[in-house]
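Read through the structure below, which is laid out as structure tokens, and then see the notes.
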Amino acid sequence: MVVTPRADAQVSVDIGVAPECPYGYYDVPPYNCAPVGYYGPEWFAGGVFIGAGPWFHGPSAFHGYVNNTFHPDHGYRGPMPNRGEKPDPARRVDQSHFKGNEMRDGRGHTVADKR
């Protein structure tokens, strides 16, 4: 009989600090800054982005809308803010200016839209 010795594995991944982006960052690597209009208002608390991907800081059952036409993987080639840029007060993140087309959790997974 052959017995394989038990080995305890410990995995530690340091992903660093979340990107400082005025309207949030995409939920997939390389986590570039997303333009205004990608995330809906539920992704912000007091004007501060609650995170996405590994830096998500919302509740575990969180679901929020995105407009994935503003994602490069869906063909978006328009302007994107740079890291460290400040939000333009004229470009508000609110429901009247947002047109979401997909619901996501904070970890980049598409979830069923319950509207």
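Please treat every number below as a calculation from the coordinates, not as lab data. This structure is a prediction, so every number in the text was calculated from the model and none was measured. Ideal geometry is used to build each Cβ from the backbone, glycine not excepted, and the neighbour counts take in all protein chains shown.
Points worth noting:
- For the chain, the Stokes-Einstein estimate of translational diffusion at 4 °C and a viscosity of 1.567 mPa s comes to 83 µm²/s, using the Kirkwood hydrodynamic radius over alpha-carbon pairs.
- Ordering of 66-78, 98-110 by packing [mean C-beta count within 10 Å, highest first]: 98-110, 66-78
- Backbone amide hydrogens, once placed in the peptide plane, bring E102 within less than 5 Å of V66, N68, excluding anything fewer than 5 places away on its chain.
- Each Cα pair under 8 Å and six or more residues apart adds its separation to the average, and for the stretch 23-115 the resulting relative contact order is 36 percent.
- Site pair K99 and A61 shows an inter-label distance of 3.2 nm when each label is modelled 7 Å from Cα along Cα→Cβ.
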